[in-house]
Structure formats: structure tokens, C-alpha cells
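Working notes, beginning with the structure itself.
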């Protein structure tokens, strides 16, 4: 592994939701550093704030207070439109339910994030084919999501996440909807992305087997972040 | 790519729903177009009137005549270029339901003021020579299968008895705005017959048709004519041909207003139908819009997807509706030719159809787009799966 320091720096991060008259604290003064090329797993019980923390890191939710610096950019200070542009360039998303657009082919799904770039059609094609080769689905590029298995759909989603060569990849329960074999394929692919392409991955998971693939496991409980007791690799 | 392709594919994700919505828009635009055409047909006479033609009638009512002797007096009034005259005949052809406009007039001077009425020279010459001759519009002749030389008998209602006319000429309109369902004959024939029978209305006319030199002096000339006959036994009322035609329509204005109102109600109803479809569509895809946002697509793109789909569905229906309006109007026009001699789909109607469809598409997309833009990504993503 070739780790470089400080791609993600989180300080005193707080987040609470208003439910009726009640203020529910989700995250309390979170401090977290993630190095470039690191594979981090976030674990914890349901409602512990894992997905909220992931959403905040990915710039799809707003913090109440605290700082999130990613690649040197303070994303809590960005306006909505700036944040959208930042996400397009810096974050790749992998979801539990793949979240592919059902009416588009695998190729078109992977091409989607590239439509926001200034790349020509030919350049986009090259990038998409490369990404699909990385996930071993170059021969399925004309298939629609409905014609692919769950594992294949997740690999297409991973290709879509890496096609723009983002700074970080965020994965929310990426194996949660897959059988054991498909889950292993996806996890191996994520390990390859870290080891061979130097990607930084932050993954939320309930699955200890998936978490064990990570370099570091952090445990969230009631909005407080702790190092996982068995996670020193 | 694929934003357009995506809009197209999204539109057909629920084929039955899309088909029914397109069908609804088609029927609405067709109904809207036909109702607007009825309104246009109502005003066809007004639209076809000339700004250089005035009509002088008895100031009491059109049913009271004016002396023929007024003709020379009118001709001498400043600004008058030509004078002709006519009398409404109101004859019935076989049965009362066979209504068409029929009147007597002085053909040389009268038709000189209507260059839009075209009669073949040979027919015209025969018509001028034949005292009992008559001319009918092409559509009228077609309706009853009349041919040149046929004897046509009209049963007089204002002037009792059976009146025989020989069809000497069939006229055509210069364009499709000209009424081709009128029937006219020599005023002299009417007058001489009335004289022989010793009845009233001899040497009297229903109206004078006046050609003026300049449309800008219409009001002045009208005043001069009416002033000239002030305090006479038959005072006159002179107005432009347009105002004369409008005076007939004003009697039925409430019906026209009702038709106009119904045409807009139809558009409002279809707007609600399309808005409902788009609201359902956007609600189902809120998760997908969240994914687009996650990938970096902005509000403009999300609104574009929803508006694009609304536009696609609405314009598909509108195009079909517009295309169907023409054959439907042709059928209606044929069936209703007694009441609407000119039943053409006007260019303005098509423009209104398109504007109505665009308004429907935009309004229907407004709320779903606003909702999709403003939903938080995290909330939207919870709807997936």
C-alpha cells in the first residue's frame, strides 16, 4: 500500500435533526483523518449516524457545525451549486441498491457523470470502456440494468463511481443487497481499486467480512466515533 | 447524449399512462381547435368584409326598405366612388331546412365591388342578359347538385309565391375566406314581378352598398349620407360592412362567448390531467433525481428532465390533435355548411393550439420540477430500493 497523508480531515463535526419539538443529535464532535489511498470502514448499529457521516463527507448533506476538508477544500463553506460541481469532480458513489438508471444501458450509466465534463464523445467512450474493463464488464456495456445480475449491476455502479477518477469513493453498504459470491467479487474489486489504482474508499457496512477488507475500521455509536476494538491492522 | 434519449425513454416507462395522457391531450387539442374554428366561422363574414365598403339601410330596421331614388343622391356625396343595392329575398328551396343566403341585387355594380367573387366570363355574360338568371356559389351548387341551365324554384317568404330562376353562373371565391354558399339574382326581376303583381316594395331596396375612395374617410362619408336623409320618410343608418356584419353576430354573442369559455375550460382540464401525470411520474422518480444530483447534476438538469418529458408527452398529443383537426374540420364544415359557409382551420387556431400545449406542458411540469429540485439528496436517496 502506498499511503499519502491527509486527504480527508474532519474536525468537531456535529449534526442534529429536528423531529417535531425534539432535537435529535446524530453526530457529536467527530474528528477523523483519512489518508490518500486508505480503505476505511465505518461500522455501527442502525441509527448510529454512519450514513449521515458518509453523506456529509460526500457533500450531499450539510453539517450544523465543524469542518470537513477534502483534498484541501473546506466543503462546508461551499454553496449548493459549488458543492454539486465539487461532487462531480471529486466523489464517486457506490450505493447499496446500485442506483443505476434503469432505462439506460451499462455504458450510458457509466457515461452519465462524464456528461458534466468538457470531454468529447470519443474521449468519453474511451473513459467509459476503460472503467468497464476495470470492473470486467466490457462485454456487457450494451446491456440494461435489468439484464444484469445484482453483482454485475454493482460493478457497473463502481465503474460509474471511478470513471471521473474522483478524489474519494464513498460506499454505503455496497454488499448489503448481494449474495456471498457477488459480495466477494465486489469487495475484491474495491481492494483492487485501493491497491492497484490508489483510490481512497470510505465504506459504511454492517458486514464484518466486508469491514475486514478495510485498512482501518471506525465504530460509530450514538454519534460518537471510536476506533474499532479489533481493527488494528 | 442521452438527456434527450433519457426523456424519450422515461416518457414510455408507463406505456399505458403515457398513451392515455397523449390521447387526452389529442382529444383536448382537437376539441379546442374545432371550437376555435366554430368561433372563426362565426366571424367569417366580418373577417371577409372590406374597409372600403359601406352599407346603408333603413335606420329603423333592415326589414324596412329604402327608396331606390336614394341611389343617385348617395352617388353625389363626397367620398363615394360607387353605389349598388340589394334586397334580401329569404326564399326556401324545397324545404325550410335547406337554408342558404339568397338575395336580389344589381349585378354589374354590385359584383364590381366584390372582386373576390369570380365568375367565368361566358357565364357572366349569360347571367347579365338573362332577366330570370341567377348565380350560385360553388359549394351551394355542389350541395344540391345544381348544374348550369338548371331551373331552381324558391318559395318566397317575404315575397310570396314560387319564383323560378335559371342558374346561369356558378361563382368561386378568390380564396377560402369567401362564402361560396350564396345565391343571387337580378333585382330588376324582383322589382318588375312585384310591380306586375301590384304589391308593395316596388322601387325599393333593402340596402345600398357603397364603395368609398379611402377607408380612412368611412366615418365622415357615413355621417354625410345619414345627414342627407335626416328628417326624410326613410332615415338611413350607414356603417362599414364590418360593423354591419357584426350587428348580426351581436345577437348571438352570448353563444360565441360560451364556446370560447368552453374551449379554455377544456385546456384547463387537460392541464390538470397532464399535471397529475407529471406529479405521479416525478414522485416515482424522486430517488433517481437524487442520484442525478449526487452525480453533480444541477437543478437546471433536473428541471429539464421533468419539463422535457412534460413537453414531449404534451407536444405528441398536440401534434396528433392538430393533424386530426383538419380532417375533422372538413367533416364538420361539410355537415354544417348551411350554418357556417366558411369553416376553415385558421392559422391563428393552430398557433393557439401550440401556445395552449406549451402552457399545459410548462404548468404541468412546474410543481413536480420545483419539488424534485428542492428535495434534499439524502431524503431522495431514501426513496430508492
**Item:** Radius of gyration, Dmax [the stretch B:145-274; alpha carbons; angstrom]
**Value:** 21.6, 69
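Give me Rg/Rg_expected for the stretch B:235-385, where Rg uses Cα atoms only and Rg_expected = 2.2 N^0.38 Å with N residues. Please report the intermediate quantities before stating the final value.
On the way: Rg = 22.9 Å, N = 151, 2.2 N^0.38 = 14.8 Å.
Against the compact-globule rule of thumb, the ratio is 1.54.
Express the C-alpha Rg of chain A as a ratio against the empirical globular expectation 2.2 N^0.38 Å, rounded to two decimals.
Details: Rg = 17.4 Å, N = 233, 2.2 N^0.38 = 17.5 Å.
Against the compact-globule rule of thumb, the ratio is 1.00.
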**Request:** Would you mind giving the average projected area, over all directions, of the Cα convex hull of the protein assembly as shown in nm² with one decimal?
**Result:** 40.8 nm²
**For q = 0.13, 0.14 Å⁻¹, Debye-computed log10 I/I(0) when each Cα of the stretch A:1-81 counts as one equal scatterer** = -0.43, -0.49
**Item:** Computed [θ] at 222 nm, deg cm²/dmol, chain A (DSSP H ≥ 4; -39,500 (n - 2.57); rounded to nearest 500)
**Value:** -9500 deg cm²/dmol
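Using the alpha carbons of the stretch A:154-233, what is the convex hull volume per residue in cubic angstrom, as a whole number? It would help to have the intermediate numbers written out before the result.
Values: hull volume 8.2 nm³, N = 80.
Taking only Cα atoms, the stretch A:154-233 has a hull volume of 102 Å³ per residue.
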**Request:** Any chance you could list P(r) for the stretch B:1-66, counting all Cα-Cα pairs in 5 angstrom bins from zero, rounded to whole %?
**Result:** 4, 12, 9, 10, 11, 9, 8, 7, 7, 6, 5, 4, 4, 4, 1, 0
**Message:** Helix A:180-195 against the longest principal axis of chain A: what's the angle in degrees, Cα atoms only, rounded to the nearest 10?
**Reply:** 80 degrees
**Asked** Can you give me the relative contact order of chain B as a percent, contacts being Cα pairs under 8 Å and 6 or more apart?
**Response** 29 percent
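Give me A:108, A:74 sorted ascending by neighbouring Cβ count inside 10 Å, so fewest comes first.
Details: A:108 21, A:74 11.
Going from least to most buried by this count: A:74, A:108.
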**Message:** Compute the distance from the alpha-carbon center of the stretch B:125-176 to that of the stretch B:244-287, in whole Å.
**Reply:** 42 Å
**Item:** Paired Rg and Dmax values of chain B, which use every Cα atom, in angstrom
**Value:** 29.4, 97
**Message:** Cut-off 10 angstrom, C-alpha nodes, Gaussian network model of chain A. Which of A:130, A:105, A:117 fluctuates the most?
**Reply:** A:117
**Request:** Return an integer: the convex hull volume of the alpha-carbon atoms of the stretch A:86-153, in Å³ per residue.
**Result:** 93 Å³
**Prompt:** For chain B, what is the mean residue ellipticity at 222 nm derived from helices alone (per DSSP H run of n ≥ 4: -39500 (n - 2.57); sum divided by total residues; nearest 500 deg cm²/dmol)?
**Reply:** -18000 deg cm²/dmol
**Message:** If you average the alpha carbon positions of the stretch B:12-44 and of the stretch A:52-131, how far apart do those two centres end up, in angstrom?
**Reply:** 43 Å
**Asked** Antiparallel DSSP bridges in the protein assembly as shown: what percent, to the nearest 5?
**Response** 70 percent
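Could you order peptides B:326-335, B:3-12, B:29-38, B:49-58 by the average number of other Cβ atoms within 10 Å of their residues, highest first? Write out the running numbers ahead of the final one.
Working: B:326-335: 14.4, B:3-12: 16.3, B:29-38: 22.8, B:49-58: 20.1.
Highest mean packing first, the order is B:29-38, B:49-58, B:3-12, B:326-335.
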**Request:** Calculate the spin-label point distance for residue B:129 paired with residue B:196, positioning each point 7 Å from the Cα along the beta-carbon direction, and give it in nanometres.
**Result:** 2.1 nm
**Message:** Could you give me D for the stretch B:126-191, from Stokes-Einstein at 4 °C and 1.567 mPa s, where the hydrodynamic radius is the Kirkwood radius over C-alpha pairs? Units µm² s⁻¹, please.
**Reply:** 105 µm²/s
**Request:** Determine the shielding of peptide B:370-379 by partner chains: average, over its residues, the number of Cβ atoms on other chains within 10 angstrom of each Cβ.
**Result:** 2
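How many Cβ atoms of partner chains, on average, are near each residue of A:102-108 if near means within 10 Å of its Cβ?
Numbers: counts 4, 10, 5, 1, 0, 2, 5.
Shielding by partners across A:102-108 averages 4.
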**Message:** Quick check: the angle from helix B:218-228's long axis to the longest principal axis of chain B, C-alpha only, nearest 10 degrees?
**Reply:** 30 degrees
**Asked** Averaged over peptide B:294-304, how many Cβ atoms belonging to another chain are found within 10 Å of each residue's Cβ?
**Response** 6
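Taking the mean number of other Cβ atoms within 10 Å as a proxy for protection, how do you rank B:18-27, B:62-71 from highest to lowest?
In descending order of packing, they fall as B:18-27, B:62-71.
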**Request:** Could you compute the FRET efficiency for residue B:19 and residue B:272, with r as their C-beta to C-beta distance and R0 at 22 Å, rounded to 0.05?
**Result:** 0.75
**Fill in**
What the 10 Å binned alpha carbon P(r) of the stretch B:203-287 shows, as percent of pairs per bin from 0, is 13, 24, 18, 14, 11, 10, 8, 3, 0
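What are the semi-axes of the equivalent ellipsoid of the stretch B:60-234, taken as the square roots of 5 times the eigenvalues of the Cα gyration tensor, listed largest first and rounded to whole Å? Show your work: numbers first, answer last.
On the way: eigenvalues 159, 85, 39 Å².
The three semi-axes for the stretch B:60-234 are 28, 21, 14 Å.
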**Asked** Given the Cα-Cα distance of residue B:148 and residue B:116 and 0.36 nm per residue of separation, how much length would full extension add, in nm?
**Response** 9.4 nm
**Request:** Could you state the angle between the C-alpha long axis of helix B:2-11 and the longest principal axis of the C-alpha atoms of chain B, as a value from 0 to 90 degrees rounded to the nearest 10?
**Result:** 70 degrees
**Asked** Roughly speaking, what is the centre-to-centre gap between the stretch B:70-93 and the stretch B:296-332 when only Cα atoms are used, to the nearest Å?
**Response** 52 Å
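Values in this text are rule-based calculations from the coordinates and carry no lab data. Since we're looking at a predicted model, the values are computed, not measured. No Cβ is skipped: glycine too gets one built from the backbone with ideal geometry, and neighbour counts run over all protein chains shown.
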